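Everything on this sheet refers to the single structure shown next.
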Amino acid sequence: MKEDQVVLEEPGFQDEDNVADIKKLKSVGICTIKGIQMTTRRALCNVKGLSEAKVDKIKEAANKLIEPGFLTAFEYSEKRKMVFHITTGSQEFEYVFIFFITTKHKFRTGKTQLSHTLCVTAQLPGAGGYSGGKIIFIDTENTFRPDRLRDIADRFNVDHNAVLDNVLYARAYTSEHQMELLDYVAAKFHEEAGIFKLLIIDSIMALFRVDFSGRGELAERQQKLAQMLSRLQKISEEYNVAVFVTNQMTADPGATMTFQADPKKPIGGHILAHASTTRISLRKGRGELRIAKIYDR
């Protein structure tokens with residue numbers, strides 16, 4: 001049985017004490033260990049009959065059965081070969097549809113494309129004695145594609161497999177899971193001291209927007225975000241690793257009152273802005289042109 005499909009009845013998870021809890025989880029559609037990983041503690045606490053203590057026990061048991069979720073980009077590439085395609089019955093329609101899906105990053109600002117490019121360029125020796133190194137990529141929006149790394153590797157005339165083997169990839173499913181992955185990251189940086197040079201999170205706010213909605217939860221969201229950013233800063237300083245995070249933009253209702261040219265602002269507020277050493281704003285120009293504006297703190 002695949003790791004993604006490990007059921008709650010697994011011997012390492014089910015015991016006499018939690019049979020009733022498993023029934024409660026199934027009643028809300030959570031039937032696998034992966035399902036627990038993809039659900040926040042707060043959402044589990046909302047399941048009737050599950051206390052915070054029980055939820056902590058369930059999460060702890062699930063984490064013992066499932067790996068942190070990191071694969072090399074090469075391993076993830078092999079995993080993606082199992083993705084199957086369903087025909088629409090029209091070759092012309094499928095051509096247009098597949099073309100749009102596989103090239104959609106070209107019609108956007110390019111933040112994910114930049115993340116993929118850094119996965120390759122961070123491995124290349126550079127000025128000042130920089131010898132290159134490995135990369136960890138935490139994906140919150142399911143946008144990571146190993147094939148993009150192959151295309152970029154061709155541009156720099158480097159070996160595909162070597163590039164993919166040097167990138168550790170993980171998919172984060174909740175803001176809590178995103179934070180838990182940082183514990184693995186810190187342990188990996190300690191275990192292979194000096195080997196990793198870059199940590200990428202694409203994008204840092206996506207899961208926070210899902211897990212915390214409305215102004216009533218804004219304070220809690222910003223508190224959790226501040227904790228994550230503090231953790232990232234400490235990891236960066238402790239292990240001398242660069243951190244690159246992407247973010248999303250949102251409409252700014254107050255911009256029209258101040259006659260701003262661009263009525264959009266980054267999500268995350270001042271907490272995210274102050275935690276960043278350098279911020280780059282990307283926007284689409286004419287055709288394939290991308291315009292980058294650099295902001296200081």
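Data overview
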| item | result |
| --- | --- |
| Which listed pairs, of Lys54/Lys79; Lys54/Lys188; Lys64/Lys188; Lys34/Lys234; Lys111/Lys197; Lys34/Lys79, have C-alpha distances above 25 Å, in listed order | Lys54/Lys79; Lys54/Lys188; Lys34/Lys234 |
| Fraction of accessible area attributable to carbon and sulfur, the range 16-65 (%, probe 1.4 Å) | 52 |
| Per residue accessible area in Å² of the range 103-214, where ligands, DNA and RNA are left out and the probe is 1.4 Å | 41 |
| Per residue accessible area in Å² of the range 16-65, where ligands, DNA and RNA are left out and the probe is 1.4 Å | 57 |
| Three-way shape call for the range 141-198 based on the alpha-carbon gyration tensor, with the a/c threshold at 1.5 | oblate |
| Under 5 Å, built H, 5+ apart or other chain: amide partners of Gln248 | Met205, Ile267 |
| Environment charge of Thr174, counting only residues whose C-beta is closer than 10 Å and scoring Lys/Arg +1, Asp/Glu -1 | -1 |
| Rg/Rh (Cα only; Kirkwood hydrodynamic radius) as it applies to the range 121-222 | 1.06 |
| Cα centroid separation - the range 152-210 against the range 28-72, whole Å | 23 |
| 10 Å-binned pair-distance histogram of the range 16-65 (Cα, whole percent) | 26, 68, 5 |
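The values are calculated or read from the model by the stated rules, or taken from the named source; none is laboratory data. It should be emphasised that the depicted structure is a prediction, and the values quoted were computed from it without experimental measurement. As a convention, Cβ positions derive from the backbone with ideal geometry for all residues, glycine included, and neighbour counts pool all protein chains shown. Just so you know, the surface numbers come from the protein's heavy atoms only, side chains and all, with ligands and any DNA or RNA stripped out. Shrake-Rupley method; radii C 1.70, N 1.55, O 1.52, S 1.80 Å.
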